[in-house]
Amino acid sequence: MFTRDLIEDLLSKSVEEHLHKKIEEIEKRNKEINAFITLGTEEAEKSSKEIQKKINNGTQGKLSGLVVSIKDNIAVYNTRMTCGSKVLENYIAPYDATVTNLIKKEDGIIIGKCNMDEFACGSDGTSSYFGPTKNPRNIDYVPGGSSSGSAASVAADFSDLSIGSDTGGSIRCPASFCGVYGFKPSYGLVSRYGLSDMAMSLEGPGPFAKDTYGIALLLDVISGKDPRDTVTVQSNNSYLKTVENFKDGDIKNMKIAYAKEFFEGVDENIKNMILDKIGMLESQGARIEEVSLPNIKYSIPIYYLVVFSEFSSAMSKFDGFKYGHYAGGQDIVEAVSNTRETSMGTEVKRRVLLGTFITMEEFKGRWYTKALKARSAIKEDFKRIFNSYDLLIGPTMPTLPWKIGERISDPLAMYSSDILTVSANLAGICASSQPVGEVKGLPVGLQLHADSLSESKLLKGMRAVEIACGGM
Amino acid sequence: MVETIINDSVIERVSEIARLKLSDKEKEKFREEFERILEEFSIIDEIKVGEKELYYVVENVNVLRKDSEPKPFNNINRIRSNFNKIEDDFIVVPRNL
């Protein structure tokens, strides 16, 4: 296992040298890829020295000097946090997010803050105020979003691990497009304290890595109850053990469903590759059956109606007085309106306005309330499946990465690319994406879903797929 | 069908409530887009929905803390240093008529 071997290497060789290799890579290629908004090289060097001392004494934490990057909507103390927006161009975080704190405690080295779609409003990583992130596999193509820099930094070897956030695919989509592992935990498993979220009922932080081992390791570190986020639940914190103890024969006990709705409108090459992997799992003894998820075709409108509403409400705090960009004006109302006009990007404005519209008294019942009622239907669909199956398998994205600039002007085309990922967030369940091959030189991601708080099942499934694809 | 026709005065009101100034060009662009988006989204009418509105997927949403005096944040100066304009302990804002 790649990440396990890397840790063994770090324990016998030098953490500082390992960090310097990362910094060298960043200096060589980040200008082109634009994975970072803010780099924390100095601070990283300081902590690498401290961690090296701990390793020499045998007192190091679980991450043992692995280099971690963090999406720029998650707070790192005394470090700029922009959310990819001009709105927060100069905002300095006054505290550590819970996930940041936990990573520091377990001796991860934080190398920098990752580029992202502005306030996570985007599916391809091109809407950041700080310029688009480019796909390290081929810089003419988008890296996927909104956690674009997180996926790109792992794919480009700028970091060993990364933390992103997933509202409707924002971890899984870039993981798929950049050819790395991405994991969206069940709602409530990972604390959102210190996360500036796009939609509070859908979003949570989650890990990126180069293999299942890395995902499980980071999940052990960041999951669990946090008094500062009341929706959090206890974690068993033994995900790594689950992955380490997995044996080839364990696949025989797995009941895996696939739904035809998850293959409709999917690129033929992607479809065939995923079906091929499903066939491999079946030949190794997994029980595979076809099921139906009739409401998935409604998931895009339900999801976006909820996002618009929650996002426009969350954005109302950005008035320019307490922090962030400020434009000024004759009176309070004008000052706020000017500030927001001159600092928000097009997609952010679109969502703020639509969210305001669909929650106005006279339109609320027609749109927002109806979406909330329909959300129950999606949750019920999954509940039915997971009563009989351990996992649901399919592709992560309906298409290959597209060329930079191709979809930016058509919001509906951009929204439609989320069709296979948003329903996991609507239902609050866990889901993953992992690379299983390439089409035309671009990576293809396989998506697994498991029931809420069934992370162990999901990780076992990921490991089975990893082994089936020839991973060590 | 979208029975909600989004006319200029609706866009005007939305822009006001959202505290987001829009140019005439933006108003027209968004008005046209919103009609197209909501037209497509109106397929949710096909779903048979119950009465339950699902705001949260978890049960433990409104957890109350003990009613004791909360500890103040330990680094108030770091918060304050993000303020754009302060006088003594107050944030300076324009006149509110």
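Out of the residues in the stretch A:91-105 that are more than 8 Å from chain B (Cβ to nearest Cβ) and open to solvent by 10 Å² or more (accessible area, probe 1.4 Å), state the one that is farthest from A:Asp72 (Cα to Cα).
The residue in question is A:Lys105.
Within the stretch A:297-354, restricting attention to residues that are acidic (Asp, Glu) and more than 7 Å from chain B (Cβ to nearest Cβ), which residue is farthest from the chain's Cα centre (by Cα)?
Ranking the candidates gives A:Glu334 first.
Got a sec? Which of A:Gly249, A:Gly204 is open to solvent by less than 30 Å² (accessible area, probe 1.4 Å) and small (Gly, Ala, Ser)?
A:Gly204
Let me confirm something: among B:Phe90, B:Phe83, B:Phe30, which residue is open to solvent by 100 Å² or more (accessible area, probe 1.4 Å) and within 29 Å of A:Val87 (Cβ to Cβ)?
B:Phe90
Are any residues in the stretch A:1-29 among the β-branched types (Val, Ile, Thr), within 18 Å of A:Phe158 (Cβ to Cβ) and either within 25 Å of the chain's Cα centre (by Cα) or not in a helix (DSSP H, G or I) (or both), and if so, which ones?
A:Thr3, A:Ile23, A:Ile26
Check off (1) more than 26 Å from A:Met344 (Cβ to Cβ); (2) crowded, with 19+ Cβ neighbours inside 10 Å; (3) acidic (Asp, Glu) for A:Glu27 and give me the number that stays unchecked.
Just one mismatch for A:Glu27, condition (2).
Residue by residue, here is whether (1) among the basic types (Lys, Arg); (2) surrounded by fewer than 23 Cβ atoms within 10 Å (Cβ to Cβ) holds:
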residue	(1), (2)
A:Leu219	no, no
A:Ile222	no, no
A:Arg228	yes, yes
A:Asn237	no, yes
A:Gly265	no, yes
A:Lys271	yes, yes
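Do any helices (runs of 4 or more DSSP H) lying entirely in the stretch A:305-369 carry at least 2 residues that are within 24 Å of A:Gly122 (Cβ to Cβ), and which ones are they?
In the stretch A:305-369, the matching helices (runs of 4 or more DSSP H) lie at A:332-343, A:346-358.
Do any residues in the stretch A:149-178 that are touching a residue at least 40 places away in the same chain (Cβ under 8 Å) and among the hydroxyl-bearing types (Ser, Thr, Tyr) have Cβ atoms under 8 Å from those of residues that are part of a helix (DSSP H, G or I) and open to solvent by 10 Å² or more (accessible area, probe 1.4 Å), where the two are at least six apart or on different chains, and which pairs are they?
A:Ser159/A:Lys22
Among the residues of the stretch A:281-296, which ones are surrounded by fewer than 15 Cβ atoms within 10 Å (Cβ to Cβ) and either in contact with a strand residue (DSSP E or B) (Cβ under 8 Å, 6 or more places away or on another chain) or not in a loop (DSSP other than H, G, I, E, B) (or both)?
Selection gives A:Glu282, A:Ser283, A:Glu289, A:Glu290, A:Ser292.
Yes or no: B:Phe41 touching a helix residue (DSSP H, G or I) at 6+ places or on another chain (Cβ under 8 Å), more than 30 Å from A:Ile358 (Cα to Cα) and open to solvent by less than 90 Å² (accessible area, probe 1.4 Å)?
no
Does A:Tyr187 fit the bill of being within 15 Å of A:Ala424 (Cβ to Cβ), open to solvent by 10 Å² or more (accessible area, probe 1.4 Å) and part of a loop (DSSP other than H, G, I, E, B)?
Against the criterion (within 15 Å of A:Ala424 (Cβ to Cβ), open to solvent by 10 Å² or more (accessible area, probe 1.4 Å) and part of a loop (DSSP other than H, G, I, E, B)), A:Tyr187 qualifies.
Being more than 9 Å from chain B (Cβ to nearest Cβ), in contact with a Leu (Cβ under 9 Å, 6 or more places away or on another chain) and either farther than 17 Å from A:Ala424 by Cα or buried (at least 16 other Cβ atoms within 10 Å of the Cβ) (or both) is the filter here; which residues of the stretch A:369-389 pass it?
Passing the criteria: A:Asp381, A:Phe382, A:Ile385, A:Phe386.
Picking from B:Val57, B:Val10, which residue would you name as being surrounded by 14 or more Cβ atoms within 10 Å (Cβ to Cβ), of a type outside the set (Asp, Glu) and in contact with a Gly (Cβ under 7 Å, 6 or more places away or on another chain)?
B:Val57
Are there any pairs, at least 6 apart or on different chains, whose C-beta atoms fall under 6 Å, with the first in the stretch A:36-50 and at pLDDT 95 or above and the second open to solvent by less than 30 Å² (accessible area, probe 1.4 Å) and among the acidic types (Asp, Glu), and if so, which?
Taking only residues 6 or more apart or on different chains, the pairs are A:Ile37/A:Asp72.
Which of the following residues is crowded, with 20+ Cβ neighbours inside 10 Å, more than 21 Å from B:Ile47 (Cβ to Cβ) and of a type in the set (S, T, N, Q): A:Thr356, A:Thr346, A:Thr399?
A:Thr356
Can you name every residue in the stretch A:310-327 that is in contact with a Phe, Trp or Tyr (Cβ under 7 Å, 6 or more places away or on another chain) and hydroxyl-bearing (Ser, Thr, Tyr)?
If the condition is that a residue be in contact with a Phe, Trp or Tyr (Cβ under 7 Å, 6 or more places away or on another chain) and hydroxyl-bearing (Ser, Thr, Tyr), then A:Tyr323 is the only one that fits.
Just for the stretch B:60-77: of the residues that are within 27 Å of the chain's Cα centre (by Cα) and surrounded by 10 or more Cβ atoms within 10 Å (Cβ to Cβ), which one is nearest to the other protein chains (Cβ to nearest Cβ)?
Among those that are within 27 Å of the chain's Cα centre (by Cα) and surrounded by 10 or more Cβ atoms within 10 Å (Cβ to Cβ), it is B:Val63.
The values are calculated or read from the model by the stated rules, or taken from the named source; none is laboratory data. The structure presented is a predicted model; accordingly, all values stated were derived computationally and were not measured. Heads up, the Cβs are rebuilt from the backbone with ideal geometry, glycines too, and the neighbour counts pull from every protein chain shown. Ligands, DNA and RNA are stripped out before the accessible areas are found, and what is left, the full protein with its side chains, is counted by its heavy atoms. Shrake-Rupley method; radii C 1.70, N 1.55, O 1.52, S 1.80 Å.
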